[in-house]
Amino acid sequence: MGGYGDVQMIDENGIRVDGRTAGEIRPVSINAGIIPVADGSAEVIWGTNHVIAAVYGPMEAHPRKIQKQDRAVLDVRYNMAPFSTTDRIRPGFNRRSREISKVTAEALESVVLTELYPRSKIRVEIEVITAEAGTRCAGITAASVALADAGIPMTDMVISVASGKINGVVVCDLNKEEDNYGEADLPMGVCANSGELVFLQMDGDLSPEEFQIAWDYNMEAIAPVHEMMIDALKRSNGGDE
Amino acid sequence: MSDQNARGGRDGRGTRLVTPGASLGASEGRRIGHGVVENEGQLIAVKLGALIENEEEVSVIPSHTRYTPRPGDLVIGVVEAVQSNLWFLDINAPFNALLPMSLGPGKAEFGGARNVLNVGNTVLCRIQEVDETHSSVVTMKGLGLRRIDSGIVEAIPPHLMQSLFSDSNVLKSLKSSTDCRIILADNGRMWVDGDSKSMSNVISKLEQIRAMSRDFSSLESMVEILQTEVY
Amino acid sequence: MATPPVPELLKTHLTKLAESDERLDGRGRFEGRDVIVETGVLARAEGSARVQMGDTIVLAGVKFQIMTPYPDRPTSGGFMTSAEVRPVCGVHWEAGPPSPEAIELGRVVDRGIRESGCIDMEDLCILPGEKAWQVILDVFALSDDGNLFDAFATAAMAALRTAIIPGERFDVGEDRPLPVSKTPMMCSYHRVGGRFVYDALRREEIGGGERIHITLGDDNHVHSLQKGLKGAFTAAEFDEIMEHARSRCAELRDLVNN
């Protein structure tokens, strides 16, 4: 987190560089069933972020040593395509991607009924096609829709949003420009119906009061995004509501 | 929770599409069917699909499923690997099934399993048993069970297999309208044999159905496609 | 058991279809699937395209970097292609370092473009011996239902044709379109049921034999050839394919140029 206090990112009326108010998220659109050969798939377009998720399985887990005797393994891969950022990303091993893959898998394992498919593997492939800021959140959200689309049984769908702080002001869903000057970042993954958290990270500096505002902003963003996820699944699965 | 429990009316119209996590109200003593779980007296959908709700039961007809083997199912498998006294079969399930030599199509000398069934062969077999981790053993001892040497195997989403062919006339008219021999297996596979023109007719019908397969409200039109006369 | 076996029935069926000159999806032997090309689909790439052929979907993105020219060619820029076939695009593609198949894909696409001379490397020079543009082409598979080669090659040319050299961002002059003087196009043929077909489906690829990839330039000059997989073909078979490639490449070229 940079913390360049001298760049003014919010005007006196509390309006942000892209015209949003503090608690507002970027425009979001979600589509399901976009990869014909996958068992389930989805894309989340969140601001300029474009993230795609595909699900394959459950299938036999290879090699045998990765099998779990009592449940399925969620084999999650988060990856940024080489053309997803302003400076090209060289393909290959990447510690950041590994960490995000791990926490995403753990978030989704909390809702997927993995115990129904012991010794098997469910592959979840998350590809960032265009990155702005908040790709890990968009990835978790896209993966939830793709898992539902693949008919994987799960007790809830996870929606992920981040709030942060710029110029000492707490705002929801930082865009790239704001993120460059961000003083804190609090991404959360929340179950749409139960309201429980399955994903939580934070870095930066937030006072107890600021932390509470950031937390509340994230919670308020869950329901509208959940509606879009349901709508996407209905559109691709013949629902007419 | 087996995918094959998912049954419902032929007409999906008027039903509600639910997503995982959707709250379905209190159980009120109703039977909990496919795709639904109970948590402290409250019912929750765990699968994407059409909600079927009546006085006795609450269940979800899934929009997409993976085949889960059950004893007695007729399945079409492809040999993936051969060992000295058993075969491993891909049966479209999360796991390969085992076909032990004793349940195979014929006797072989030790080490001669390959001469009886080789990798890449397709067989019609029956699920003999399934253990709690979904591993299954299949048998080829039984009427009509055999190696398949002609025709082609097509895929249909397993959950559609039952709804589409619940009326036996559908298969009958599909066979007569296309002039093909057809065997429906429970694992989402269908064996089709005939001259190449006839087979192409069936394949193109199935292609249309796969494209519509996620739309639970289109069951009737899918049945119509299967029964339409081909010229 | 990583690679599932080819079902014998599929091979037999493909052979049977070939006898009456038919294909799995009813297409003619040399009939391609409809090709849909969209450009400007990637916000962070300087040039981009999405190509869909049936259930095969790919993306191509062009990025630029500043490089030091090679000592033996101090006034030349660079061009590099990398193909990403990640497990997102199909159950049969596995995670891990690029497979030999993915590397072959990238290299065959690269050769056709490079050897056609459609990009003027001298034009990419900024300061002789010190600075030049390197064009980096990334092709990325989203959904593989066969013939990634042609999908990649088509997307690649559509992306290059719309690419803008980002001079301003690198502080080396104004933004300008990447000059692309020709449109090399690739056509791929697979042996299926004994004879060659154009634009194979995934099921035709797995039940088929060897494949041949031909890249032709604007004037029908040959710029790259590749024979892949086990199998042998005759000169007469090659003549027939080449004749079809000449007309099909021209059609694809019109599609990409407009």
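Values quoted throughout were computed directly from the atomic coordinates according to the rules given, and no laboratory measurement underlies them. No experiment lies behind these values; they were computed from the predicted model shown. With ideal geometry, Cβ positions are generated from the backbone for all residues, glycine too; neighbour counts draw on all protein chains shown.
Numbers for the structure displayed
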read-out	value
Calculated FRET efficiency for the pair residue A:15/residue A:194, C-beta based, R₀ 41 Å, to 0.05	0.75
Between 0 and 90°, nearest 10: helix C:8-19 axis offset from chain C longest Cα axis	90
Highest to lowest packing among C:238-246, B:192-200, C:110-118, scored as the average C-beta count within 10 Å	C:110-118, B:192-200, C:238-246
Using distinct alpha-carbon pairs, which all enter the 1/r mean, Kirkwood radius of the stretch A:16-153 in Å	15.6
Charged-residue dipole, Cβ positions (Lys, Arg, Asp, Glu), the stretch C:13-257 about Cα centre, Debye nearest 20	320
Rounded, prolate or oblate (a/c below 1.5 giving rounded, otherwise prolate when a/b exceeds b/c) for the protein assembly as shown by Cα gyration tensor	oblate
For peptides A:107-113, B:22-28, sequence by mean Cβ density within 10 Å, most packed first	A:107-113, B:22-28
Out-of-range pairs (alpha-carbon distance over 18 Å; input B:175/B:197; B:172/B:205; A:121/A:234)	A:121/A:234
Check: the stretch B:74-148 dipole with +1 on Lys, Arg Cβ and -1 on Asp, Glu Cβ, in debye	400
Integer Hz, Karplus 6.51/-1.76/1.60 couplings in order for the stretch C:244-258, x for Gly and Pro	5, 4, 4, 6, 5, 4, 5, 4, 5, 4, 4, 4, 6, 6, 9
Inter-label distance, nm, simple model (7 Å from Cα along the C-beta direction), residue C:101/residue B:27	4.7
Per-residue mean of C-beta atoms belonging to partner chains within 10 Å, peptide B:36-49	4
Percentage relative contact order, the stretch B:1-153, counting C-alpha pairs under 8 Å, at least six apart	18
Top positive-direction residue, dipole computed over chain C with Cβ charges, set C:220, C:196, C:113	C:196
Peptides B:162-168, A:214-220 ordered by average Cβ neighbours within 10 Å, highest first	A:214-220, B:162-168
Principal-axis tilt of helix B:168-178 within chain B, Cα atoms, nearest 10 degrees	50
The stretch A:1-90, relative contact order in percent, only Cα pairs under 8 angstrom and at least six apart counted	13
Close Lys-Lys pairs in the stretch C:13-257, where close means Cα under 30 Å and separation is 8 or more or interchain	7
The protein assembly as shown: calculated mean residue ellipticity at 222 nm from DSSP helix runs of at least 4, using -39500 (n - 2.57)	-8000 deg cm²/dmol
Average other protein chain Cβ within 10 Å of Cβ, residues C:137-150	3
Cα centre as origin, Lys/Arg/Asp/Glu Cβ charges: the protein assembly as shown dipole, Debye	2680
Average partner coverage of A:143-155, which counts Cβ from other chains inside 10 Å	6
Shape call, chain B: gyration tensor on alpha carbons, a/c limit 1.5	oblate
Relative contact order (%) - criterion: Cα under 8 Å, at least six apart; region: the stretch B:74-148	34
Three-way shape call for the stretch B:136-231 based on the alpha-carbon gyration tensor, with the a/c threshold at 1.5	oblate
